[in-house]
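Please treat every number below as a calculation from the coordinates, not as lab data. Not measured: the values here are computed from a predicted model. We place every Cβ from the backbone using ideal geometry, glycine too, and count neighbours over all the protein chains shown.
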Amino acid sequence: MENNEPPGSSGVLLISVFLVATCGLVYELIAGALASYLLGDSVLQFSTIIGDYLFAMGVGSYLAQFVGRRQPAVAFARLQNSIAFIGGFSAAAMHVAYSYSGGFRLVLYLLVFVVGLLVGVEIPLLMTILKRNYSFRELVSQVLALDYLGALLASILFPMLLIPYLGLIRTSFCCGLVNVAVAWIFMSVFRLRVPLLRLETAVVGGLLLLGLAGSERITRWAEEGLYPDPIVLSRTTQYQRLVVTRKHQEVRLYLNGNLQFSSRDEYRYHEALVHTPLSCLEKPRRVLILGGGDGLAAREVLRYPEVEQVLLVDLDPAMTSLFRDHQFLNRLNQHSLSDKRLRILNADAFVWVSEPREAPFDAILVDFPDPSNYAVGKLYTKTFYQRLHPLLAPGGALSVQCTSPLFARRSYWCIVETIRAAGWQVSPYHLYVPSFGEWGFTLATREAPPHPEARRLPRDLRYLDAAALPDMFLFPADMAALPSPVNRLFDQVLVRYYEQDWRSIVDS
Amino acid sequence: MKRRLFLQGALSLPWLAGCLSRSEGGLQGGIVGANFWLGHRLRQPLPRAGTPRRVDVLIAGGGVAGLAAAWRLRQAGVENFELLELESEVGGNSRAAHYSESAAPWAAHYLPVPTREATVVRRLLSEMGLLRGGRLEEAELCHSNEERVFVLGRWEEGIFPKAGASSDDFRQLREFEEHIRNWQKWRDAKGRKAFAIPVAWSSPEPEVRALDQENMADYLTRHGWTSPRLRWYVEYGCRDDYGCSLQNTSAWAGLHYFASRDGGGFEPKDMQFVWPEGNHRLVQHLASGLGDRVRTGRLVTRIEASGKRWVVEACDREGRMASWSAAGVIFALPTFLRPYLLKEPVRPAFSYAPWTVCNLVLERLPESVAAAGMALSWDNVIYDSPGLGYVVATHQTQSHLQGPSVWTYYRPWAELEPARARQRMLAADWSEVCQQVFAELGPVHPDLREVCRRLEVMQLGHAMVRPSPGFLWSSERREAALPQPGLYYAHSDLSGLSIFEEASYQGVRAAQELLAERGRKGEDFLRE
Ligand SMILES: Cc1cc2nc3c(=O)[nH]c(=O)nc-3n(C[C@H](O)[C@H](O)[C@H](O)COP(=O)(O)OP(=O)(O)OC[C@H]3O[C@@H](n4cnc5c(N)ncnc54)[C@H](O)[C@@H]3O)c2cc1C
């Protein structure tokens, strides 16, 4: 056993107890928080992680008797380095594991176990080192008191300071650095002259600093793993997280992680959305697009030379300016957003339709994200569809994207029923879009039932023609109409249906 | 002597506490709603007012009660009146803040669908086009999802905390709900409900009145309802509407909260009107067309009989006194001011709960709104926490989950005796309140501070009258509402409960008493 500890150093050592205890709990909280962010159900995540961690600490305490019999201080410094390395990189590792491998849970519990195990060795080992300076009773009570105090500090710092100001990944790197500092304190207090140990400490410290500096990049890299193709552009706007990926010629847009289109087959979707209602009209002059900030629906509308004005109402100014100005995104929409006939208005459609200051339109195209929450769900309510009435000129036609009649059959028919209840004549239709699957829309008019005519379709479409048009209105048995209640603002059945419908797809 | 007391009292009143704008770590805000100038002015002795202005009717106080009185007078063709209001805007506890992100309530934030007896509210809603041909305007009712509760690290729908509840908790909840349904069905021999809104239509049968002698905590215990979750849930209601703990709420009032809102024949039964600016929407309607008859920035300091008329004195922003001589006065101020203004003895039966209300102006919603379970609701409650949670001003107007918003945070000081609570509340300066709010919401929204641009605080020292045991059915409460010739009382505290329905009822009642005394009975708005 080394015997070169200077007198009066026990204060420093007790501070170390406090620091390692704080870090130990922070690692546990990081794992718990990350698991509940990524997997949901925080009660389950937190309790299984606490269980795993405590169990590992128990194992560690047991194993502590076999560790550092001869040189406990060296062993302790080594232990700090290991905790620093594994704990410090744990958050980053879990992020990456979530994105790139199917075994997130395995990595999670394994990491928690290893960190717990190492932390479990710490306290008994420290007691061995300190036992010369204190009586046994003093020792146990002081060390345990500091251990619990550290835990308290961690549980307060974590939600109030660490998460808000550092975020998970940086917090874990910083805790690693604290462990490195403790190793260094031990080396200087005990004047440990083990060259390899110094090197180890320096390397781990260096790696953690590098990690800290690159946390931003690690986060981005982890995000890439969530998307099948390389990310070429990502942006967080005031309203959403926007990611564009590209592989060979295929460009995809994701909003908040949900696929919006793939350049390979979006033409099918947009031809169905746009030309079905426009082919009901002799001469569409004014067209309103609600949503559709990517400009792809606008591109289809602008094919009609008789269209004089297009108004596009989209929530997010960042989205519309990106698709107007970004030079390879505006190739996708053929510069529709800079067309002289088109006007962009950035507003929440729900508010905007309740106080329209525009003359009625000949056609309205409604293209919103799926009703996956109560906020967006408002754009699929009876009140919303009623508010569209004054916006449509006599004889005009309306189309609405309505999610999948195959995967979310109840949701689809609930939307159709809601449009009907809002006083519209409806004709449901659907088509196959490879990257989405079977997709559904509703065509609606006010007076006579809708009557699309193939002769009015533009010539050079890639999907819609005289054969495909009537076909879209036929629903085979597995997508056939279901009786449905109406979706209302104060009771949005649709959002519940939608969640259940898609959950059953994901689970099966 | 009394007068000095009042002025000193006025200085310590929250609405006189000062309006200081501050900025700390990028966060702006301050304590608002306070007429600092008045407190300042009132340190100096008040000069006497000059010759009084003659008006037919003078209304003191521009809260809901005062405005409802004005509205009723105008319906009867009485146009020669003035209304004096201390603040720079009318509305009292139903005012609003206007930020570029959204309007937001300063206090009152919802109106439940009116009961059949709430005839004044029904009439108002019809005028506003919100109730037409027996149908409610759907767009103005609270959109899904109305409320959620944060419990054990997760959000879930509703207020009763389900996660971690035992089967016994659920059994007790079902029993309690069944018990409430039975009270809702209860009628006396004359067909009156046990718990009506307005309170005045409740049955005076001894069986029901006896409940007012007991506190809600004992009532629950007596029925074997010991589940901490059920008791928290019931207490949440008492704190929400009365700012009181279970112990300080009479069982009558506690049951009233749950049993009185029966949906008034509309389906579903539990709907409510909510607006970004809260009940200020209703205030705006009541106040429309009043024009310069409303005098804001006037602190009424004295009301005295003078022959057959009444003289009312008030002090303005510059400390100038003015007086009015009126044939009729409607006193639409809280009853606790009467000793100071009318030289009446103190009425100890009237006690008031203090509240802290904060508006948090958010550049965009924090990302944590979507974490831990479910998306944002209108009302977001945190289980087992001193505040009631927050309501989201943009709930009705936005159809997206990000973007700018305003959250209104509510904190009744129910756990302390009011005088102590008031002291504690007023001792905290703006940055301490900010710290408390972030500490409370931090575990739920760790990233809230980052997106919060401005935090404004309103400290309401006498926010709500407390329906303590014995008060609601006391002779003190009944007597306080009795008019004197030419002087009529209108304030929600006379009902014993602070809600819009009661405030508007009291205003209309006082106005109709005035009209009746002039022999102009006319239509009774208080009855169908
Ligand atoms: C935090 C909070 C939340 C609430 N939430 C709701 C809710 O959601 N729904 C609901 O129905 N009710 C709610 N209420 C109850 C609300 O108080 C009533 O709905 C209603 O606004 C009360 O109106 P009032 O006219 O009786 O009283 P007040 O609003 O108290 O009106 C009194 C008026 O007199 C003025 N005044 C006072 N002293 C003087 C003076 N000396 N001279 C001149 N003017 C003076 C005041 O400035 C005020 O404008 C809430 C109350 C609080 C405090």
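Remarks
- Per residue of peptide A:366-378, the mean number of Cβ atoms on other chains within 10 Å of the residue Cβ is 5.
- For the protein assembly as shown, fraction of C-alpha pairs farther apart than 44 Å, in %: 47 percent
- Residues whose amide H falls under 5 Å from that of B:I382, counting only those 5 or more places apart or on a different chain, are B:F150, B:G389, with hydrogens built in the peptide plane.
- Contact order relative to length of the stretch A:9-224, as percent, for alpha carbon pairs under 8 angstrom and 6 or more apart: 36 percent
- Charge tally in the Cβ shell below 11 Å around A:K382, where Lys, Arg are +1 and Asp, Glu are -1, A:K382 excluded: +1
- A convex hull fitted to the Cα coordinates of chain B yields 145 cubic angstrom per residue.
- Given in Å, the Rg to one decimal and the Dmax to the nearest whole number for the Cα atoms of the stretch A:262-507 are 16.8, 48.
- Reciprocal of mean inverse Cα separation for the stretch B:377-528 (Kirkwood radius, Å): 19.1 Å
- Note: relative contact order over chain A, using C-alpha pairs below 8 Å and six or more positions apart, is 12 percent.
- Chain B: relative contact order as a whole-number percent, Cα under 8 Å and 6+ apart: 25 percent
- Long-range amide H partners of B:R53 with built H, under 5 Å: B:S323, B:W324, B:S325
- Considering only beta bridges that DSSP places wholly inside the protein assembly as shown, some 65 percent are antiparallel.
- Cα centroid separation - the stretch A:219-272 against the stretch A:181-210, whole Å: 45 Å
- Inter-part distance where the stretch A:317-370 and the stretch A:443-477 are each reduced to a Cα centre, Å: 24 Å
- Residues whose placed amide H lies under 5 Å from that of B:V329, excluding near-sequence neighbours: B:L58, B:L487, B:Y488
- By the beta carbon rule, with partners counted only under 4.7 Å, chain A holds these lone Cys residues: A:C174, A:C280, A:C402, A:C414.
- Per-residue HN-Hα couplings for the stretch A:15-32 [Karplus 6.51, -1.76, 1.60; θ = phi - 60°; Hz; x = Gly/Pro]: 4, 4, 4, 4, 5, 5, 5, 4, 4, x, 6, 4, 4, 5, 5, 4, 4, x
- Summarising the strand pairing of the stretch A:262-507, around 45 percent of its internal DSSP beta bridges are antiparallel.
- For B:S245, net neighbour charge (Lys/Arg +1, Asp/Glu -1) across residues whose Cβ lies under 9 Å away: -1
- Each residue, A:R220 and A:L157, gets one label point 7 Å from its Cα in the Cβ direction; the gap between the two is 2.9 nm.
- Per-residue HN-Hα couplings for the stretch B:236-252 [Karplus 6.51, -1.76, 1.60; θ = phi - 60°; Hz; x = Gly/Pro]: 4, x, 5, 5, 4, 9, 10, x, 10, 7, 4, 5, 9, 9, 6, 4, 4
- In order through the stretch B:171-188: 3J(HN,Hα) via Karplus (6.51 cos²θ - 1.76 cosθ + 1.60), integer Hz, x for Gly, Pro: 4, 5, 4, 4, 4, 4, 5, 5, 4, 5, 4, 5, 5, 5, 7, 4, 9, 8
- With only Cα atoms counted, chain A has Rg and Dmax values of 30.9, 98 Å.
- Here, the stretch B:54-206 has an Rg and a Dmax of 21.0, 68 Å when only alpha carbons are counted.
- Long-range tail of P(r) for the stretch B:415-496 (Cα pairs > 17 Å, %): 66 percent
- Average partner coverage of B:516-528, which counts Cβ from other chains inside 10 Å: 0
- Cβ neighbours within 10 Å from other chains - mean over A:489-496: 5
- Share, in percent, of DSSP beta bridges within chain B that are antiparallel, nearest 5: 70 percent
- When the listed pairs A:K382/B:K193; B:K190/B:K343; A:K378/B:K185; B:K193/B:K343; B:K190/B:K308; B:K190/B:K521 are checked against a 31 Å cut-off, the alpha-carbon distance exceeds it for A:K382/B:K193; B:K190/B:K343; A:K378/B:K185; B:K193/B:K343; B:K190/B:K308.
- 222 nm mean residue ellipticity, helices alone, for chain B (DSSP H n ≥ 4; -39,500 (n - 2.57); rounded to 500): -8500 deg cm²/dmol
- Remark: spin-label model distance A:L345-A:S321 equals 2.0 nm, labels positioned 7 Å along the Cα→Cβ axis.
- All-pairs Cα distance distribution in the stretch B:235-334, expressed in whole percent, bin size 5 Å: 2, 9, 11, 12, 14, 13, 11, 14, 11, 4, 1
- Between the stretch B:249-325 and the stretch A:43-78, the alpha-carbon center distance in angstrom: 65 Å
- Straight-line cross-link partners of A:K247 among the aspartates and glutamates, defined as a Cα under 18 Å from its Cα and at least 8 positions apart when in the same chain: A:E223, A:E224, A:D229, A:D265, A:E266.
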